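First the structure, in the form of structure tokens, and then the observations on it.
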Amino acid sequence: MKNTKLGIFILLVIITYTFSACQSINRLRYFSKAPGQSDTLRVPEATPSTIQPGDILGVMVVSLNSEASKFFNPFPTLATPTTQTSTIASLNASESAGFLVDTKGNIELPLIGELKVQGLNTLEIKDLIKEKLKPYLKGPNVIVRVLNYRITIMGEVKQPSVYVIPNERITVIEALNLAGDLTELGKRDNIMVIRDVEGKKVVGHLNLNDRSVFNSKYYYLYANDIVYVEPIPGKALASSFLSRVLPIAVSTISLLILILVNLK
């Protein structure tokens with residue numbers, strides 16, 4: 001009778017452990033495939049972020065007449081590069097060497113004067129500046145970068161921080177990997193992306209457990225987006241704790257049973 005009860009107890013412990021482990025694995029799994037879902041998914045096209053007040057733009061003007069171009073490049077740290085590659089590196093080097101977009105959405109450029117940039121992306125601003133430069137320079141080339149293109153990652157990640165993105169394009173997957181991935185307590189099925197849209201805060205939700213994340217309009221992040229990873233609820237927290245403790249408990253109980261059996 002004692003052996004039967006002991007066997008039932010051990011069986012229940014093993015079943016509980018197995019169920020808990022499966023639940024834990026499912027919660028930690030990324031990009032699960034739904035029934036009937038294809039292995040080929042269409043990802044929304046990445047659209048450039050639009051400029052908002054508070055952004056800092058790095059603007060570099062290059063033309064055949066280097067002396068004339070200098071007039072339009074007031075920041076000494078950006079005036080020396082001779083190639084487009086070194087120019088871009090220089091633009092990304094310092095936020096202080098840029099034009100602040102004021103509360104009205106304007107920047108002030110030498111000779112050109114006030115320029116409305118709010119709501120435009122960097123490509124549109126580049127074309128706008130080139131058009132304004134035509135009376136002064138022949139065949140000018142303009143490079144525009146957002147010097148403070150940054151995202152904030154907070155919550156249950158290993159390295160929460162504010163990250164500056166030099167290439168102005170990043171996915172939520174890349175962003176979370178920058179932060180060292182989620183912790184075990186991070187809620188993977190409800191990642192929040194908080195975005196500024198026309199002066200309002202808009203909250204999007206992403207489920208990393210499912211491949212539908214690749215179809216979301218929040219898959220690509222914009223400048224000043226906030227990514228927040230919620231902690232798992234209390235029950236799941238207890239389950240996570242249980243999943244870590246049970247293997248030790250099962251091993252200990254098994255060892256004790258073996259010792260008791262051998263003593264008999």
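Restricted to segment 192-220, and to residues there that are over 20 Å from R42 (Cβ atoms) and aliphatic (A, V, I, L, M), the residue that is modelled with the lowest pLDDT is V197. Scan segment 137-160 for residues that are over 25 Å from the mean Cα position of the chain (by Cα), buried (at least 17 other Cβ atoms within 10 Å of the Cβ) and of a type outside the set (A, V, I, L, M) and the total you get is 1. On the stretch given as segment 136-170, residues that are closer than 23 Å to G58 by Cα, of a type in the set (S, T, Y) and in a strand (DSSP E or B) total 2.
Using the structure shown, decide if N121 is open to solvent by 40 Å² or more (accessible area, probe 1.4 Å) and within 22 Å of A97 (Cβ to Cβ). In short, no.
Would you confirm whether or not segment 216-236 contains a residue that is under 30 Å from S63 (Cβ atoms), crowded, with 16+ Cβ neighbours inside 10 Å and touching a strand residue (DSSP E or B) at 6+ places or on another chain (Cβ under 9 Å)? Break it down into steps so the answer makes sense when it comes.
Pass one, segment 216-236, residues under 30 Å from S63 (Cβ atoms): 223.
Within this subset, residues satisfying the condition of being crowded, with 16+ Cβ neighbours inside 10 Å are 223.
Filter once more, so that each one left must be touching a strand residue (DSSP E or B) at 6+ places or on another chain (Cβ under 9 Å): 223.
Yes, there is a match, as at least one residue in segment 216-236 is under 30 Å from S63 (Cβ atoms), crowded, with 16+ Cβ neighbours inside 10 Å and touching a strand residue (DSSP E or B) at 6+ places or on another chain (Cβ under 9 Å).
Here D102 passes the criteria (1) in a strand (DSSP E or B); (2) more than 30 Å from N207 (Cβ to Cβ); (3) of a type outside the set (F, W, Y) except the one numbered (1). Residues in segment 193-215 that are free of Cβ contacts under 8 Å to residues at least 60 places away in the same chain, surrounded by 11 or more Cβ atoms within 10 Å (Cβ to Cβ) and β-branched (V, I, T): V193, I194, V202, V203. Pairs are defined by a Cβ separation below 6 Å, a sequence spacing of at least 6 or placement on different chains, a first member in segment 35-50 that is part of a loop (DSSP other than H, G, I, E, B), and a second member that is surrounded by fewer than 12 Cβ atoms within 10 Å (Cβ to Cβ); the pairs so defined are P44/K217; T50/G119.
For E184, state whether it is farther than 30 Å from N73 by Cβ and within 14 Å of the chain's Cα centre (by Cα).
Values: farther than 30 Å from N73 by Cβ: yes; within 14 Å of the chain's Cα centre (by Cα): no.
Here the answer is no, as E184 does not meet what is asked.
The values are calculated or read from the model by the stated rules, or taken from the named source; none is laboratory data. Computed from a prediction, not measured in an experiment: that's the story for all the values here. Backbone-built Cβ (ideal geometry, glycine too); neighbour counts: all protein chains shown. Note: accessible area is taken over every heavy atom of the protein model, side chains too, but ligands, DNA and RNA are not part of it. Shrake-Rupley method; radii C 1.70, N 1.55, O 1.52, S 1.80 Å.
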